[in-house]
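Structure, as structure tokens:
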Amino acid sequence: MASIIKVNTIQDATNSNTAMSIDSSGNTTLSNSTTIANATITNATVNGKIKGPEMTRFIAHSDQSGNTSYSAGQAFVCNLTTVNVNNRYNTSNGIFVADVDGYYAFTHSVYVYNTGQISVLKWDGSSLGYYTADGGSDHTVLVTATVANQIYGFSWAMHLDSGEGCAVGWRNGYSGGIYRPHMHFSGHLVFAD
């Protein structure tokens with residue numbers, strides 16, 4: 001025979017803090033910090049939307065004016081962040097580094113002074129190289145083509161292991177100037193492995 005327990009609130013025995021409540025429709029509300037199978041969930045939702053206060057994300061931009069010249073394979077640098085949860089974007093070198101294995105989504109836009117190709121660069125933990133969608137041939141490098149004196153933007157998603165990262169810069173064979181105040185780079189963890 002099955003047992004049935006009917007409750008609307010579960011509290012801890014020490015100081016009577018509410019750990020879980022159940023409304024008349026069966027909806028369950030957990031406390032501010034709940035651990036389930038070694039994973040802590042903190043302030044999980046607001047109005048039904050999933051919150052991720054500790055989820056890695058950043059929004060970077062620059063306030064340095066003038067034409068800044070970069071070589072092929074050199075990361076474009078945003079020197080400011082408005083958001084940088086877990087401090088994974090480096091405002092000194094322009095590289096985002098993942099803190100957990102997972103899938104990340106990014107967007108980038110920049111005003112360029114030169115015609116060329118802008119590429120996603122991958123940080124392997126020690127150096128930057130061109131990111132290829134299949135991990136191999138040059139024709140799968142993620143790029144956007146540019147025409148001088150225009151703003152270009154693109155977005156992409158990629159898997160990164162902890163310690164790996166990405167940046168954006170001129171593709172091999174291209175170099176030139178960008179107007180940094182018209183540059184934006186952002187990214188966030190979509191989900192961890």
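The values are calculated or read from the model by the stated rules, or taken from the named source; none is laboratory data. Note that the structure is predicted; figures quoted are calculated from it, not measured. In this analysis, Cβ positions are derived from the backbone assuming ideal geometry, glycine residues included, and neighbour counts consider all displayed protein chains. Please note that ligands, DNA and RNA were not included when accessible areas were found on the heavy atoms of the full protein model with its side chains. Shrake-Rupley method; radii C 1.70, N 1.55, O 1.52, S 1.80 Å.
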*Ranked highest first by average number of other Cβ atoms within 10 Å, how do 11-17, 167-173 line up?*
167-173, 11-17
*Ordered by packing density, taken as the mean number of other Cβ atoms within 10 Å over each peptide's residues, highest first, how do 187-193, 62-68, 72-78 rank?*
72-78, 187-193, 62-68
*asked:* For the full complex of protein chains and a 1.4 angstrom probe, list Leu128, Leu121 by accessible area with the highest value first.
replied: Leu128, Leu121
_Between the stretch 140-160 and the stretch 162-185, the Cα center-to-center distance that results, in Å_ = 9 Å
*Order Lys122, Lys6, most accessible first, counting only protein heavy atoms with a 1.4 angstrom probe.*
Lys6, Lys122
_Cα gyration tensor category, rounded, prolate or oblate, for the stretch 100-193 with a/c compared to 1.5_ = prolate
